[in-house]
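Read through the structure below, which is laid out as structure tokens, and then see the notes.
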Amino acid sequence: MPRHRIPKLVLCIGWTVTGLSLIAAAAPPGWRVITSPKRVTRTASATDRGGGKRCQIAVPPALVVDADADRTVGQTGHMKTPDGNLSVSVQEYPPGETIARARDVAMLSNKDARPNEDSPMRVWLTYTRVGSEHWDVFVPGNPVLCSAHFIIKDARLDDAAISIIPTLGPTR
């Protein structure tokens, strides 16, 4: 293959992989799409007004709104199983945040956090708190960074949580 065509081939493959990942991230039928709330903290940027609704995650129909979490932190975007053994929330970081910086800050805040996945397209950290498994997942959005936080109190729900992870991403 001629050298001048290699960059075009790489670009074409990149767009194909990106397209396939977006197709794979579509919500399964019957799942509920939850969007990120306005951010509680603001940046110094004049164009950042707190965001909101730039990231999404899809959850199975069995999950319900976690009103207790919503009241505690003063925002929406929290879902849980009716028994509370699995909860997930979706958030967005201010424009300009990188996946690498979010990972580093999360690992600094949670000294026992271990990467389950660490790539330019997704970071998935796991750690334990008070007998519960916690997962932080970060994916690039546009122009924000999207994140999901999972609390799993029953290990039998790991597969359910894993099925939610691919749906995290920028709103469509």
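Spot the failing condition for residue 139; the list is (1) in a loop (DSSP other than H, G, I, E, B); (2) surrounded by 21 or more Cβ atoms within 10 Å (Cβ to Cβ); (3) among the aliphatic types (A, V, I, L, M), and only one is missed.
(1)
Does residue 162 satisfy the condition of being open to solvent by 20 Å² or more (accessible area, probe 1.4 Å), on the phi < 0 side of the Ramachandran plot, part of a strand (DSSP E or B) and aliphatic (A, V, I, L, M)?
No; evaluated as a whole, the condition is false for this residue.
Could you list, in sequence order, all residues of segment 65-115 that are in a loop (DSSP other than H, G, I, E, B), crowded, with 17+ Cβ neighbours inside 10 Å, modelled with pLDDT of 85 or more and in contact with a helix residue (DSSP H, G or I) (Cβ under 8 Å, 6 or more places away or on another chain)?
Correct list: 81, 113.
Just the residues that are at pLDDT below 95 and among the β-branched types (Val, Ile, Thr), please, taken from segment 116-141.
Those that are at pLDDT below 95 and among the β-branched types (Val, Ile, Thr): 128, 130.
Take residue 144 and decide whether it is open to solvent by less than 60 Å² (accessible area, probe 1.4 Å), touching a Ser or Thr at 6+ places or on another chain (Cβ under 9 Å) and modelled with pLDDT of 95 or more.
Working: open to solvent by less than 60 Å² (accessible area, probe 1.4 Å): yes; touching a Ser or Thr at 6+ places or on another chain (Cβ under 9 Å): yes; modelled with pLDDT of 95 or more: no.
The answer is no for residue 144.
Taking the options 141, 84, name whichever one is touching a residue at least 24 places away in the same chain (Cβ under 8 Å) and at positive phi. Can you show your working first?
On the way: 141 fails: at positive phi.
Exactly one residue qualifies, and that residue is 84.
The values are calculated or read from the model by the stated rules, or taken from the named source; none is laboratory data. Because the structure is predicted, anything quoted here is derived from the model rather than measured. Quick reminder, even Gly has a Cβ in these numbers, built from the backbone with ideal geometry, and neighbours come from all protein chains shown. Ligands, DNA and RNA are excluded from the accessible area calculation, which covers all protein heavy atoms including side chains. Shrake-Rupley method; radii C 1.70, N 1.55, O 1.52, S 1.80 Å.
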